[in-house]
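This report concerns only the one structure given below.
The values are calculated or read from the model by the stated rules, or taken from the named source; none is laboratory data. From a predicted model like this one, the values you see are computed outputs, not experimental measurements. We place every Cβ from the backbone using ideal geometry, glycine too, and count neighbours over all the protein chains shown. Each accessible area value is taken on the protein alone, full model and side chains, heavy atoms only, with ligands, DNA and RNA left out. Shrake-Rupley method; radii C 1.70, N 1.55, O 1.52, S 1.80 Å.
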Amino acid sequence: MEICKFDKMEYQRPDVEQLLAEYKTLTQRAQNAGSGEELLEVFVQHSKLSNVFSTAACLAQIRHTLDTNDAFYDTENDFFDANSPSVENAQLELYRAFLASEHKGALAEVYGEILLQKMEVAAASASDELLELMQEENALASQYQKLYATAQVEFDGKLCTLPQLARYKQSMDAKVRRAAFEADGRFFDEHQQELDDIYTRMIANRNAQAQKLGFENYIPLSYLRMGRLGYNEEDVKRFREQVARYVTPLAHKAMKAQFERIGIPEAKFSDTTISFADGNPLPKGTAQELLDKAVQMYKELSPETSEFIQFMTESELFDLESRPGKAPGGYCETIVGYGAPFVFSNFNGTAGDVDVLTHEAGHAFQAYVAAQKGMCQELASPGLESCEIHSMSMEFLTSPWHHLFFGEDTAKYSVSHAQEALTFLPYGCMVDEFQHIVYSKPELTAQERNQVWLELEKKYRPWNEFDSIPCYSRGAGWQRQLHIYQYPFYYIDYCLAQMVALQFFAAHLNDAEDAWKRYVALVEKGGSDTYAGLVQAAGFAVPFEEGSIEPVAQQVYDWTMEQCKKL
């Protein structure tokens, strides 16, 4: 694939009026198509239009998040907030025309029946009636992101972004840890009114969108917008209850063992970030040095990843360091017109830097493979719960090279990483159940929402003692989780993927070469199957099935405890 460095990628604001006119013409052509060949040609033209718009939107979004203070891309971000809904609706009208055509079988024959299934789910999720509400929703999400991105607090004699506090939260000095959590919490307390108002308006907005489409609230609409195929709200509820029943007790035991290990049997919330008495494993080197080690790792892992990492580095598709004005979090986005995945992160000097680097590289590798295969956007990626399998599994499958990052602390990292995968599952389910509650009970006040969060903490993470820490102790810790604001109902996808990633972990321990082959085969399938179909094709248990979670969780817990004995 031809190399084009990220800063040389050309951005041009699309002519939305012209684009909408072209989509109207395509829709009419689809409605009047007299053969499968004509319908296929319309789909090809749609893909070209979609790729151009997606490329511009993605470049604007990435450059905006790299510096939310950049006036030009701030304006362009506002442009896409306002105009993307109308373009999306135009695409959905085309989907409806495809689905109504007597020749739609031609699409299924070439692209698979799943293409039509995805169109059906997408077409049910929006209408022109929702345009103003969708524009408002986009603006609210950007308002939250900018508030978080521009946050700076005084700490250790300097101004720090919120991500930069993470290293202080892992200090071996309990007072420093506590102070870092308090500084973080105070920011959210100081902006309590604004954050509460944004979320209250988001709930009202999203529920209003759902009601215009005939739903009681946003929950069923969110499942459509997440593109979920083959499972529903009840399946997810059963999954959450299995996690609460089987994983939370094991996670609690693991946390108690951790507290004993660090010599703080009655640990407070600000102590939960410490895994070992002599300190957490920390990566060795600067952001650039860590990236250089990742390049070595991927060159040695396989021919496929060697080609991938060369493309990524030569195209300068990594931006990893935290700085003022940079949006929070980490992500991978694909700039379709260049076949280029872009990896964004906020390194903070903790082991999380390696987690996020391998995680987002998993997304990027899958996107690169799909681009190489020339897959259309609809099939380039599966549902998000399956996309996260690529990323979360990559965190484990790269373990033979983790010594490059951690040196003598590699064994400690392996233990803490596996344990964090286990303890993450209750947290992810807590985030999901919280959202199900607040959208089904929009009358809850901000204080009542916080009380719901505290009650869920007792259900899913009973080891947490918040001990009057600002923000957290009043039940507002959820406001730090940007997905709750920006990507509603996304978080359970991480949990569904984590259950598969842990099965990949077990397979890797048994036969690393075979596990990698299965992983590459999964990646190459892209979005050609449902979540359950992809999981079964990889030879693993689908976690909705009763009894599928307990043995996996037990195996990870047992392995973690056994490895601790060797340290």
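With every protein chain kept in the model, how would you rank Arg13, Arg177 by accessible area, 1.4 Å probe, largest at the top?
Result of the area sort, largest leading: Arg13, Arg177.
Any chance you could look up the accessible area of Ser306 with a 1.4 Å probe, heavy atoms only, rounded to 10 Å²?
Accessible area, nearest 10 Å²: 30 Å².
When the helices in the chain are scored as -39500 (n - 2.57) per DSSP H run of 4 or longer and the sum is shared across all residues, what 222 nm value do you end up with, to the nearest 500 deg cm²/dmol?
One gets -21000 deg cm²/dmol as the mean residue ellipticity at 222 nm.
Need one number for region 1-120: average projected area of the convex hull over its C-alpha atoms, nm².
Averaging across all directions leaves 8.6 nm² for the Cα convex hull.
Find the accessible area per residue for region 1-147; the probe is 1.4 Å, ligands and nucleic acids are left out, and the unit is Å².
Averaged over the residues of region 1-147, the accessible area is 47 Å².
With each pseudo-label sitting 7 Å past Cα toward Cβ, what's the Lys237-Thr410 distance in nm, one decimal?
4.7 nm
Which label belongs to the value computed from this structure, given these candidates for Kirkwood radius over Cα pairs in Å: (1) 24.6; (2) 29.0; (3) 27.6?
Correct label, based on the coordinates given: (1).
Determine the share of region 15-133's accessible area contributed by carbon and sulfur atoms, expressed in whole percent, with a 1.4 angstrom probe.
Roughly 49 percent, rounded to a whole number.
How large, in percent, is the carbon and sulfur part of the accessible surface of region 356-445 at a probe radius of 1.4 Å?
Of all accessible area on region 356-445, carbon and sulfur atoms account for 57 percent.
Below 26 Å, Cα to Cα, which lysines can Lys293 reach? Residues fewer than 8 away in the same chain don't count.
Lys5, Lys8, Lys169, Lys284, Lys326, Lys412, Lys517
Given a 1.4 Å probe and the protein chains all in place, what does the accessible area of Tyr338 round to, in Å² to the nearest 10?
Accessible area of Tyr338: about 70 Å².
Could you give the length gained on full extension between Ala537 and Phe424, defined as 0.36 nm per residue of separation minus the Cα-Cα distance, in nm?
38.1 nm
In debye, nearest 20, what is the charge dipole magnitude of the chain about its Cα centre with +1 on Lys and Arg Cβ and -1 on Asp and Glu Cβ, if you could check?
Rounded to the nearest 20 debye, it is 1120 debye.
Provide the net charge surrounding Val44, with neighbours chosen by a C-beta distance below 14 Å and charges set as Lys +1, Arg +1, Asp -1, Glu -1.
Net local charge, Val44 excluded: -3.
For Phe347, list long-range residues whose amide hydrogen, built 1.01 Å from N in the peptide plane, is under 5 Å from its own amide hydrogen.
Glu321, Ser322
Short version: ³J(HN,Hα) in whole Hz for each residue of region 244-254, in order, from phi by Karplus 6.51 cos²θ - 1.76 cosθ + 1.60 (θ = phi - 60°), x for Gly and Pro, what are they?
Each residue of region 244-254 in turn: 4, 7, 10, 8, 4, x, 5, 5, 4, 4, 5 Hz.
Give me the percent of accessible area attributable to carbon and sulfur for region 247-304, probe 1.4 angstrom.
Here carbon and sulfur together make up 54 percent of the probe-accessible area.
Kindly work out what percent of the DSSP beta bridges joining two residues of the chain are antiparallel, to the nearest 5.
Roughly 75 percent of the beta bridges in the chain run antiparallel, per DSSP.
Considering Cα pairs under 8 angstrom that are at least six residues apart, work out the relative contact order of the chain and quote it in whole percent.
18 percent
Measuring with a 1.4 Å probe in the full set of protein chains, what accessible area per residue, in whole Å², belongs to region 241-303?
44 Å²
Ranked highest first by average number of other Cβ atoms within 10 Å, how do 558-564, 60-66, 134-140 line up?
Going from most to least packed, we get 60-66, 134-140, 558-564.
Would you compute, for the Cα atoms of region 148-227, the largest minus smallest coordinate along each principal axis and list the three values in descending order, in whole Å?
Extents along the principal axes: 54, 26, 19 Å.
Using 0.36 nm per residue of separation minus the Cα-Cα distance, give me the extension gain between Glu465 and Gln296 in nm, one decimal.
The Glu465-Gln296 span can extend by a further 56.7 nm.
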